[in-house]
Amino acid sequence: MKKYLFIATALAALASCSSDEFVGDNTSPTANNTPGAIQFTSNAPRITRATAADYAKDLDYSFYVYATKTVGSTTSNVFAHNVYSETGNTPYVVWWESGTANKTSSNTYDWEYVGSKATGTGSEATPTYGTANYKVALSNDQTIKYWDYSATNYIFTAYKNNAVGDTPAAETVTNVTTTGFTFEGTAAQFAGLYVADKLTITNKDNEAYHGKKENKIGDVVVFTFRSGATKVRLGIYETIPGYQVRNVNFRPNNGEFTETKTNALLSGLFNDNNDNTATTATAKYNITYNSTSGIAEFKNTVTETTSLSKFFNFGTFAATDAPLEETSAAPTWASGSSAYQDVFPNTDHVDDMILYVDYELYNTTTQEVITVKGAKAVVPKMYMTWNPNYAYTYLFKISDNTNGTSGTEGTSPAGLFPITFDAVTIAVSDNVEGIITTLSAPAITTFQDGSVSTEGITYANANGPIYITVNTNGTLADLTNIVKLYTVKEGTTEADLMLTDGSTYNKTEVASDADDKLTVLDAAIPVGDITFAAGTTATFTPIDGKTYAFEYSKGVTYVAATGTYVSGTTYYTDATGATEVDTTGFTAGTTDVSQYFVKSPAVKAYKVIKIKEASNSGSSGSGDGGSRSF
């Protein structure tokens with residue numbers, strides 16, 4: 001989904017009609033040279049086959065530009081309809097007219113900005129918004145602009161808010177300055193917003209030739225427009241042998257919503273103030289520019305998290321008694337399709353996202369029904385940053401290694417326990433594995449950049465390293481010295497490994513010097529918009545066609561106690577667990593126990609990861625550079 005639009009601003013040094021002194025002269029202009037007209041053009045980068053017209057179409061054939069120049073200690077507006085202001089300015093409109101290049105001195109590559117309020121712009125007799133030569137209404141006359149070679153710098157910013165209706169929606173943009181602007185709208189309107197990287201141009205050491213694109217005064221200036229769209233989707237699939245999973249009931253984690261069987265609701269913290277799917281809710285953002293890259297950054301003007309949504313609605317889920325799909329390549333999608341939905345960017349109010357569900361297991365032969373209650377998966381907050389210009393996929397896997405219970409919650413043991421004869425269990429083949437969070441305790445999440453396609457998720461060697469994190473009750477576990485990677489036969493499930501404690505099951509540990517060896521990061525690594533931390537992230541580069549089993553195995557530890565005495569709890573004097581504390585005289589709910597330690601039991605968990613065959617080892621991604629799933 002990652003899309004960059006490149007619009008080049010041709011800043012052409014043209015000779016004055018009153019003098020031909022510099023006609024054909026390739027020397028660098030000075031402050032005494034005849035000033036050149038500032039012109040705009042579109043440019044297609046060499047890595048794509050898109051044309052200038054394609055980029056113009058993405059912007060609905062127009063955009064807004066605001067620019068200033070600084071001479072000495074004075075900053076003045078260049079592309080604006082007002083004197084310089086640090087609080088708000090009215091930018092110029094630039095529009096596309098095919099076939100008009102070089103017909104005026106302000107137009108070299110079909111982008112024009114000179115026009116009158118009386119006549120407007122464009123040549124189309126019956127204008128249709130979003131088509132070439134659309135007649136743009138101007139609120140003020142727009143005149144030609146020239147380079148000033150005495151300026152120490154020029155600053156250019158640009159944006160386009162594509163209308164949801166039939167006219168440009170510029171009114172939703174306010175407070176335009178060189179440091180940013182304010183944008184208010186629905187999630188769909190954010191999806192129509194394009195913001196160019198901020199440009200600061202100071203270099204004059206160039207030839208006055210507007211065919212070049214060097215971001216120098218007098219030459220072409222290239223705008224990189226990035227979409228403000230943020231998109232998400234959610235899917236669930238199951239791998240339980242002999243049963244269908246159906247009638248999923250979504251539950252609140254802490255009273256955030258009323259449980260529902262019709263809509264996929266998940267707890268968390270989201271920039272949606274109506275607790276809705278963001279189709280009608282509006283939000284206001286301050287959009288600023290990164291001081292190094294100039295890339296736009298989005299921040300909600302609401303700072304109190306109490307005003308934000310504590311859950312998100314991913315849309316209508318499966319119909320009553322409809323079985324869930326069985327692979328990550330084609331899961332059951334919320335909203336009924338693999339299409340993404342528009343959401344508000346969420347980079348500043350990020351928290352864990354929690355899937356908390358009940359569901360039924362149904363045997364189609366005997367019509368037996370087992371109800372599983374309280375299955376939960378936690379998506380760590382590190383995966384919950386929703387950046388503009390990204391699409392995010394969240395997949396959840398229901399397996400027989402569940403942390404739900406078929407009995408009484410809080411009393412019956414968690415998990416599904418197969419009925420076995422002579423310890424024989426039926427294995428199920430998970431045809432494709434993706435970046436998935438299992439509904440197990442602890443929850444193991446895997447991520448591989450570029451693994452998301454339109455249909456679902458597939459791992460492949462060509463996509464590079466797989467990153468693995470383990471979440472224990474909302475906290476990322478330290479994986480140092482407690483994780484291993486095995487190869488297992490195709491069709492192995494997590495339950496196969498858990499039932500035998502993994503000790504007698506046919507598995508082979510990956511050697512420490514193998515190409516696909518498992519390591520725990522000793523330094524943080526950024527991957528797209530996610531930063532994987534040292535110590536809490538394991539990684540390996542898979543080999544096509546193999547099936548892996550990631551093992552998390554933590555022995556008994558003693559951790560610092562918190563709060564006050566809980567009746568029946570055993571406390572220890574130190575982290576060795578050698579000496580118990582005499583709790584005689586302790587009062588439940590009153591006595592402070594923060595100086596003591598409590599036992600943290602041993603935990604073992606597995607995650608099976610299937611890599612597609614080498615014959616199809618090309619990346620299955622759809623260009624969704626920042627997509628992720630769980």
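The values are calculated or read from the model by the stated rules, or taken from the named source; none is laboratory data. Bear in mind the structure is a predicted one, so any value in this text is a computation, not a measurement. Quick reminder, even Gly has a Cβ in these numbers, built from the backbone with ideal geometry, and neighbours come from all protein chains shown. Please note that ligands, DNA and RNA were not included when accessible areas were found on the heavy atoms of the full protein model with its side chains. Shrake-Rupley method; radii C 1.70, N 1.55, O 1.52, S 1.80 Å.
Report, ordered by the first and then the second residue, all pairs with beta carbons closer than 6 Å, sequence separation of six or more or different chains, a first member in region 595-615 that is closer than 16 Å to Asp496 by Cα, and a second member that is among the small types (Gly, Ala, Ser) and at pLDDT 85 or above.
Lys604/Ser553; Tyr606/Ala549; Val608/Ala549
When you go through Asp352, Asp358, Asp348 one by one, which is the residue that is out of contact with any Pro (no Cβ under 9 Å at 6 or more places or on another chain) and within 29 Å of Gly404 (Cα to Cα)? Spell out how you get there, then give the answer.
On the way: Asp352 fails: out of contact with any Pro (no Cβ under 9 Å at 6 or more places or on another chain); Asp348 fails: within 29 Å of Gly404 (Cα to Cα).
Answer to the check: Asp358.
Being under 22 Å from Thr347 (Cα atoms) and open to solvent by 20 Å² or more (accessible area, probe 1.4 Å) is the filter here, so list the residues in region 528-548 that pass it.
First, the residues of region 528-548 that are under 22 Å from Thr347 (Cα atoms): 528-534, 536-537.
Listed by number, the residues that qualify are Gly528, Asp529, Thr531, Ala533, Ala534, Thr536.
Among Gly122, Gly99, Gly130, which is assigned to a loop (DSSP other than H, G, I, E, B), among the small types (Gly, Ala, Ser) and either at pLDDT 80 or above or under 21 Å from Gly218 (Cα atoms) (or both)? Steps first, please.
Working: Gly122 fails: either at pLDDT 80 or above or under 21 Å from Gly218 (Cα atoms) (or both); Gly130 fails: either at pLDDT 80 or above or under 21 Å from Gly218 (Cα atoms) (or both).
Going through Gly122, Gly99, Gly130 in turn, just one is assigned to a loop (DSSP other than H, G, I, E, B), among the small types (Gly, Ala, Ser) and either at pLDDT 80 or above or under 21 Å from Gly218 (Cα atoms) (or both): Gly99.
Quick one: Asn82 ticks every box in (1) at pLDDT 85 or above; (2) of a type outside the set (A, V, I, L, M, F, W, C); (3) open to solvent by 60 Å² or more (accessible area, probe 1.4 Å); (4) more than 37 Å from the chain's Cα centre (by Cα) except a single one, so which number is it?
So Asn82 meets the others, but not (3).
What number of residues within region 541-570 satisfy the criterion of being of a type in the set (S, T, N, Q) and part of a strand (DSSP E or B)?
Quick first cut of region 541-570, residues of a type in the set (S, T, N, Q) only: 541, 547, 553, 557, 562, 564, 567, 569-570.
Still in the list and also part of a strand (DSSP E or B): 547, 553, 557, 564.
Of the residues in that region, 4 qualify.
Each row is one residue, and each column tells you yes or no for (1) open to solvent by 50 Å² or more (accessible area, probe 1.4 Å); (2) at pLDDT below 85; (3) not in a strand (DSSP E or B).
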| position | (1), (2), (3) |
| --- | --- |
| Lys160 | no, no, no |
| Asp166 | yes, yes, yes |
| Glu171 | yes, yes, yes |
| Thr174 | yes, no, no |
| Glu184 | yes, no, no |
| Phe190 | no, no, yes |
| Val195 | no, no, no |
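Any residue at all in region 359-381 that's under 30 Å from Thr282 (Cβ atoms) and open to solvent by 40 Å² or more (accessible area, probe 1.4 Å)?
Yes - at least one qualifying residue is present in region 359-381.
Cβ contacts < 6 Å: first residue farther than 15 Å from Val603 by Cβ, restricted to region 477-498; second residue of a type in the set (S, T, N, Q) and crowded, with 22+ Cβ neighbours inside 10 Å, any location; separation 6+ or different chain. Result?
If the second residue must be of a type in the set (S, T, N, Q) and crowded, with 22+ Cβ neighbours inside 10 Å, the pairs left are Ala495/Asn401.
Would you tally the residues in region 328-337 being open to solvent by less than 40 Å² (accessible area, probe 1.4 Å), at pLDDT below 90 and closer than 21 Å to Tyr390 by Cβ?
Of the residues in region 328-337, the ones open to solvent by less than 40 Å² (accessible area, probe 1.4 Å) are 328-329, 331-334.
Restricting the remaining residues to those that are at pLDDT below 90 gives 328-329, 331.
Filter once more, keeping what is closer than 21 Å to Tyr390 by Cβ: 328, 331.
The total comes to 2.
Given the conditions (1) touching a residue at least 40 places away in the same chain (Cβ under 8 Å); (2) under 27 Å from the mean Cα position of the chain (by Cα), report the number of the one that Ala534 does not fulfil.
With (1) touching a residue at least 40 places away in the same chain (Cβ under 8 Å); (2) under 27 Å from the mean Cα position of the chain (by Cα) applied to Ala534, the lone miss is (1).
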